Ligand SMILES: NC(=O)c1ccc[n+]([C@@H]2O[C@H](COP(=O)([O-])OP(=O)(O)OC[C@H]3O[C@@H](n4cnc5c(N)ncnc54)[C@H](O)[C@@H]3O)[C@@H](O)[C@H]2O)c1
């Protein structure tokens with residue numbers, strides 16, 4: 001039980017990596033709070049022992065209200081997994097102002113809103129917490145649409161700054177960097193793209209959500225007690241971060 005009684009907020013917990021992370025963390029003893037725009041899916045993830053909240057992470061007030069609810073119910077926040085994210089397949093010159101704002105709003109600003117609320121809760125209770133920001137190998141490989149790549153690179157910078165500033169308070173912040181992973185986000189792409197992606201992975205397959213969840217567990221747990229400000233890539237060797 002590596003997360004016994006650790007109050008853990010997982011964003012985008014309704015499916016894909018977020019669901020795998022929430023389930024593994026619950027099996028390791030965490031009290032899981034599943035946030036998602038899709039509350040029915042989050043409820044399914046959280047089960048009867050966890051708490052599911054309908055939250056659009058791009059909405060600052062909704063995020064703050066969700067963390068207030070967590071504090072009321074559990075009294076503390078130990079771990080935040082900033083996992084929720086959205087993609088889009090626009091060519092660079094076709095990215096509209098609206099699409100740009102939507103992707104930045106969820107992937108980067110939404111992650112900031114959640115991290116800020118988590119840090120405020122940790123500071124209020126003197127919690128030695130852990131925050132995990134979910135980037136992507138796209139941040140460094142440039143494979144992916146520009147708004148998406150920009151947000152994922154932005155998260156790496158956010159992590160580094162937060163890690164340095166918060167280390168003296170015992171709050172660790174790391175970036176999880178998945179490569180292509182077999183989730184609903186990827187299942188929507190054309191088959192020939194998927195084949196090309198797999199060809200680029202030395203280990204010859206996409207990650208499964210559980211591969212990512214095990215790395216998240218390491219970063220969240222005391223096993224990573226002296227690890228902060230780092231990028232942990234889980235990608236079968238497709239890019240060295
Ligand atoms: N799948 C991949 O190949 C891959 C690779 C690298 C990084 N990532 C990143 O990993 C994370 C999880 O990806 P996934 O593949 O599991 O995605 P997914 O699309 O399968 O699931 C994302 C979940 O986030 C939720 N969500 C979306 N917008 C939200 C919002 N505004 N507020 C709250 N919840 C919201 C969705 O409802 C969904 O349940 C994302 O940040 C993604 O960018 C994915």
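The values are calculated or read from the model by the stated rules, or taken from the named source; none is laboratory data. The structure presented is a predicted model; accordingly, all values stated were derived computationally and were not measured. Note that we place each Cβ from the backbone using ideal geometry, even for glycine, and neighbour counts take in every protein chain shown.
Quick notes on this one:
- Against the criterion of being at pLDDT 95 or above and over 30 Å from residue 101 (Cα atoms), residue 209 does not qualify.
- For segment 34-56, the tally of residues that are surrounded by fewer than 23 Cβ atoms within 10 Å (Cβ to Cβ) and farther than 25 Å from residue 1 by Cβ stands at 7.
- Residues of segment 178-200 satisfying the condition of being part of a helix (DSSP H, G or I) and in contact (Cβ under 8 Å) with a residue 60 or more places away in the chain: 184, 185
- When restricted to residues that are within 16 Å of the ligand (Cβ to nearest atom) and crowded, with 24+ Cβ neighbours inside 10 Å, segment 9-33 contains 15.
- Scan of segment 135-177 for residues that are assigned to a helix (DSSP H, G or I), more than 14 Å from the ligand (Cβ to nearest atom) and either modelled with pLDDT under 95 or in contact with a strand residue (DSSP E or B) (Cβ under 8 Å, 6 or more places away or on another chain) (or both), ordered by number: 162, 163, 166
- From 111, 130, residue being crowded, with 23+ Cβ neighbours inside 10 Å and more than 15 Å from the ligand (Cβ to nearest atom): 130
- Condition met for residue 39 (out of contact with any helix residue (DSSP H, G or I) (no Cβ under 9 Å at 6 or more places or on another chain), farther than 19 Å from residue 158 by Cβ and at pLDDT 95 or above): yes
- Any hit, segment 57-79, residues being assigned to a strand (DSSP E or B) and surrounded by 16 or more Cβ atoms within 10 Å (Cβ to Cβ): yes
- Answer residue from segment 206-217, given it is near the ligand (Cβ under 8 Å from one of its atoms) and under 16 Å from residue 85 (Cβ atoms) and is surrounded by the most Cβ atoms within 10 Å (Cβ to Cβ) among those: 212
- Pairs, first on the phi > 0 side of the Ramachandran plot and in contact (Cβ under 8 Å) with a residue 12 or more places away in the chain in segment 143-163, second surrounded by 20 or more Cβ atoms within 10 Å (Cβ to Cβ) and part of a helix (DSSP H, G or I), C-beta under 8 Å, six or more apart: 144/138; 144/152
- Scanning segment 180-205 for residues that are within 12 Å of the ligand (Cβ to nearest atom) and either on the phi > 0 side of the Ramachandran plot or in contact with a strand residue (DSSP E or B) (Cβ under 6 Å, 6 or more places away or on another chain) (or both) gives a single hit, 181.
- Criterion (within 16 Å of the ligand (Cβ to nearest atom), under 25 Å from residue 189 (Cβ atoms) and free of Cβ contacts under 8 Å to residues at least 24 places away in the same chain) met by exactly one of 65, 101: 101
This table checks each residue for (1) closer than 14 Å to residue 55 by Cβ; (2) in a helix (DSSP H, G or I).
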{"site": "18", "(1), (2)": "yes, yes"}
{"site": "21", "(1), (2)": "no, yes"}
{"site": "25", "(1), (2)": "no, yes"}
{"site": "29", "(1), (2)": "no, no"}
{"site": "33", "(1), (2)": "yes, no"}
{"site": "42", "(1), (2)": "yes, yes"}
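- Residue count for segment 71-96, restricted to those that are within 15 Å of the ligand (Cβ to nearest atom) and closer than 25 Å to residue 219 by Cβ: 8.
- When residue 47 is tested against (1) at pLDDT below 95; (2) at negative phi, just one condition goes unmet, and that condition is (2).
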